[in-house]
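A short worksheet on the structure shown next.
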Amino acid sequence: MSSSTNDTLAKARIAVLGYGSQGRAHALNLRDSGLDVVVGLRKGGPSWEKARAEGFAVAEPGEAVKGADLVAVLTPDMVQPRLYRESIEPNIRPGAALLFAHGFNVHFQQIDPRKDIDVILVAPKGPGALVRTEYERGRGVPCIWAVHQDVSGQAEAKAHAYADGIGGGRAMLIKTDFKEETETDLFGEQAVLCGGASSLVQAGFETLVEAGYQPEIAYYEVLHELKLIVDLFYEGGITRMLEFVSETAQYGDYVSGPRVIDAGVKERMKGVLKDIQDGTFARNWTAEYNAGLPNYKKFKQADLEHPIEQVGAKLRARMPWLQANAPKPAAEPLKKVG
Ligand SMILES: NC(=O)C1=CN([C@@H]2O[C@H](COP(=O)(O)OP(=O)(O)OC[C@H]3O[C@@H](n4cnc5c(N)ncnc54)[C@H](OP(=O)(O)O)[C@@H]3O)[C@@H](O)[C@H]2O)C=CC1
Ligand SMILES: CC(=O)[C@](C)(O)C(=O)O
Ligand SMILES: [Mg+2]
Ligand SMILES: [Mg+2]
């Protein structure tokens, strides 16, 4: 057992359901921390062979849950309610722990967990591939954790032991609750990390190209070089970024940043947050998923066909070193739908 892992789960069997972005990273890290892991998957699905090839005991979800002291639910959020009803609820033993990496289904009441189990959350603040690569480097991704139900009196200790097991304890653990984790996580990915950042990049690219500049130069300027800036944010905040860029860039930042991201943006961010808080987003997303993802597919196609992707693919093919250390996505998202 790794010295960074406390012994609450030392004798426990952990069922990791799902072997995608988070599932694979958690399963590998927990195993390398000396814990006993079984992976729960659909037989015949693409992940089954992968998890077996990587040395795991693999079982159908219901079977994996039966013998487990802790069940980590790491399948896509939209498949979790049915997975819970069909494979977890009838099989999880009283006193065992049910663990989520995102509070969505519990918070929005798509899953109403049995009252005789612990219900906990350990949410890494980073994608699964980073959860694995940071662990391999002897580091970890910060995690936020919460307890929704504690029947064993050990729920908090289990959350800590699990967070230690995936490497989060080497970085930072912050206590939260399911509501705060769910709402902040959704807001972050929608307004800033995924939605905000990709729309900002696309708009910058379009502005330059429509003004007649070369798409290759626009790509380097607004997408490629963003990594340098974000790495500086990551290491030392906006302060560090300002230390590294020129005085000219700093002055431009001060006068033009607020022209682009103005008070109207913040107002609209508040609208996004309100839709998250009052359940509008959750309702819309669930309805979209249940309808077979008609809009999701259109939005995705539009993103994939955006001219920045074509020029980017050409340029990246000439920069093979970019791929060498890049983490690979662990699963094709939503492959089972539609
Ligand atoms: N992506 C991320 O980095 C982060 C995700 N989270 C949260 O972690 C959880 C997992 O997300 P993520 O890792 O992105 O999920 P993925 O989309 O990567 O999950 C795919 C995995 O789930 C399996 N799966 C799909 N449907 C079922 C099913 N019905 N029964 C059993 N297994 C199934 C797939 O198996 P198969 O090959 O058979 O299809 C595959 O192994 C979510 O709650 C998410 O919000 C939290 C932090 C970051
Ligand atoms: C990677 C992560 O933390 C996200 C953005 O919340 C997610 O994939 O849901
Ligand atoms: Mg997140
Ligand atoms: Mg998220």
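Each residue in segment 126-144 was checked for being under 20 Å from Thr75 (Cβ atoms) and surrounded by fewer than 22 Cβ atoms within 10 Å (Cβ to Cβ), and 4 of them qualify.
Looking across Lys274, Lys227, Lys270, Lys179, one residue alone is in contact with a His (Cβ under 8 Å, 6 or more places away or on another chain) and either outside any helix (DSSP H, G or I) or open to solvent by 70 Å² or more (accessible area, probe 1.4 Å) (or both). It is Lys179.
Do we have any residue at all in segment 122-131 that's assigned to a helix (DSSP H, G or I), under 29 Å from Leu293 (Cα atoms) and in contact with a Pro (Cβ under 6 Å, 6 or more places away or on another chain)? Even if it seems obvious, please write down each step before you answer.
If we filter segment 122-131 for residues that are assigned to a helix (DSSP H, G or I), which is where we start, we get 128-131.
The next check asks that each one be under 29 Å from Leu293 (Cα atoms); those that pass are 128-131.
Okay, now just the ones that are also in contact with a Pro (Cβ under 6 Å, 6 or more places away or on another chain), so 129, 131.
Yes - at least one qualifying residue is present in segment 122-131.
Among residues of segment 90-120 being farther than 24 Å from Ala157 by Cβ and more than 13 Å from ligand 4 (Cβ to nearest atom), the one that is surrounded by the fewest Cβ atoms within 10 Å (Cβ to Cβ) is Gln109.
Filtered by the rule that a residue be in contact (Cβ under 8 Å) with a residue 24 or more places away in the chain and either open to solvent by less than 30 Å² (accessible area, probe 1.4 Å) or within 11 Å of ligand 4 (Cβ to nearest atom) (or both), segment 197-213 gives Val201, Phe205. Restricting the first member to segment 176-194 and to residues that are more than 12 Å from Val106 (Cα to Cα), and the second to residues that are away from ligand 2 (no atom under 14 Å from the Cβ) and open to solvent by less than 40 Å² (accessible area, probe 1.4 Å), the beta-carbon pairs closer than 6 Å and six or more apart or on different chains are Thr176/Ala146. Please identify the pairs in which a residue from segment 121-132 that is closer than 12 Å to Ala163 by Cα and within 10 Å of ligand 4 (Cβ to nearest atom) has its Cβ atom under 8 Å from the Cβ atom of a residue that is open to solvent by less than 30 Å² (accessible area, probe 1.4 Å) and of a type in the set (Phe, Trp, Tyr), counting only partners at least 6 apart or on another chain. These pairs meet every condition: Ala123/Phe100; Ala123/Trp145.
The values are calculated or read from the model by the stated rules, or taken from the named source; none is laboratory data. A quick note: this is a predicted structure, and the numbers were derived from the prediction, not measured. Using ideal geometry, Cβ is built from the backbone for each residue, glycine included, and neighbour counts are taken over all protein chains shown. Remember, those area values only see protein heavy atoms, side chains included, never the ligands or the DNA or RNA. Shrake-Rupley method; radii C 1.70, N 1.55, O 1.52, S 1.80 Å.
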